Structures are given as C-alpha cells and as structure tokens.
1. Of the residues that sit in region 113-136 and are out of contact with any helix residue (DSSP H, G or I) (no Cβ under 7 Å at 6 or more places or on another chain) and surrounded by 15 or more Cβ atoms within 10 Å (Cβ to Cβ), which one is farthest from Leu24 (Cα to Cα)?
2. Select from region 16-56 the residues that are among the aromatic types (Phe, Trp, Tyr) and over 18 Å from Ala111 (Cα atoms) and write down the one among them that is surrounded by the most Cβ atoms within 10 Å (Cβ to Cβ).
3. Could you list, in sequence order, the residues of region 64-89 that are among the hydroxyl-bearing types (Ser, Thr, Tyr) and either modelled with pLDDT under 95 or surrounded by fewer than 18 Cβ atoms within 10 Å (Cβ to Cβ) (or both)?
4. Enumerate the helices (runs of 4 or more DSSP H) found wholly within region 1-118, keeping only those where 2 or more residues are farther than 20 Å from Trp135 by Cα.
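The values are calculated or read from the model by the stated rules, or taken from the named source; none is laboratory data. Not measured: the values here are computed from a predicted model. As a convention, Cβ positions derive from the backbone with ideal geometry for all residues, glycine included, and neighbour counts pool all protein chains shown.
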Amino acid sequence: MAASAAPATVSAEASVPFVYRLVLTTIEPLFATSGALMAFRSPAAYLSTMTRGATFFLPDTAFVYTELGGAWLLFAFLEAVVLRAFDDLRLWRLLCAGMLLSDAAYCHSAAQAVGGWAQWVVLSRWTAEDWLVFWSTAPMVLVRVLIVLGVGVRVPRQDATRGRERKSE
C-alpha cells in the first residue's frame, strides 16, 4: 500500500486577497492592542462603553479585565506575528476558525451588556459607543468568515487522478 503524501502547502499570500490580509495582519492587531490597553488601564471606561453606562465598575473585578486584555493581546500576536510568519492557507483557516469561536462569545457579550439581543437589535437605541463596537468588530469577523468559507480565496485546483496542482489558465 502506498503511503499518502502530506497535503501540499498552499500560499496564504498568493491565495488570500490583499484586503483580507490587511485587515487581519495590520488593522485588527492595532484594534486588539488598543482594546487590551483600555481593558488594562481603564476598565471602568471599557465597562461604560459596553453597557451604555448602565453598570458600574467594581475594583474587585479588575482581574476579569486583565484576562480580557490578555485575550486581545493573543489575537494581536496571532494576527500580527503568526499569520505573517507562516505563509500557509490551511493554518490561516484554522486560526480564523478558532478566532471565530471567540468572536461568537464576544458578539454575544456585546448583546448581553445592553440587556440581551432584543435590546441590542433596536438600532434607534444605539449610542456612539455601540456603533464603535459594531464597526470595530464586524469587518474583522466578516473577513474571518470569508476566509474560513473560502469566499474570495484563490486555491489551486488539484488533478483528481494524480493529486498534483494544475495551473489555472
């Protein structure tokens, strides 16, 4: 029996559109780092932003904001360092899928912060901070979804009989 060959590495740089790479390796790491700094240095301001000022910061809960800041630093590192260091589409997709798990929890927390999804979807009640949270999150989440689904990603076709890449003509 012939041993199966390891799957060929597909270049993320050649496959992932420039705008996706720009968002994930430059823009979002800056946003994540600034979010981490806010969580570390001004947890009360962070809490007020997320809850429309409805909840007050308790110093005994500062550790939660330190954890949150650490998670954002991980995002910044994965995107600014790991995605740049490894030109492998498979790794990019796996990391994006993992980050989407965190995105789902974060988006749900944004709704929880204002009283639940029934409150969050009422756009007429949104504050400037709600719009900021949305626009600093949604484009990044969308890019990860598109990469995981392969939308806009150029992947070389495989020859079904030989398992070799064919050049597109």
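1. In this case the residue turns out to be Trp126.
2. Tyr20
3. The one that is among the hydroxyl-bearing types (Ser, Thr, Tyr) and either modelled with pLDDT under 95 or surrounded by fewer than 18 Cβ atoms within 10 Å (Cβ to Cβ) (or both): Thr66.
4. Per the criteria, 12-15, 28-41, 43-51, 62-77, 89-113.
Conditions (1) modelled with pLDDT of 95 or more; (2) of a type outside the set (A, V, I, L, M), marked per residue:
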position: Ser42; (1), (2): yes, yes
position: Phe56; (1), (2): no, yes
position: Leu91; (1), (2): yes, no
position: Cys96; (1), (2): yes, yes
position: Asp103; (1), (2): yes, yes
position: Ala111; (1), (2): yes, no
position: Leu123; (1), (2): yes, no
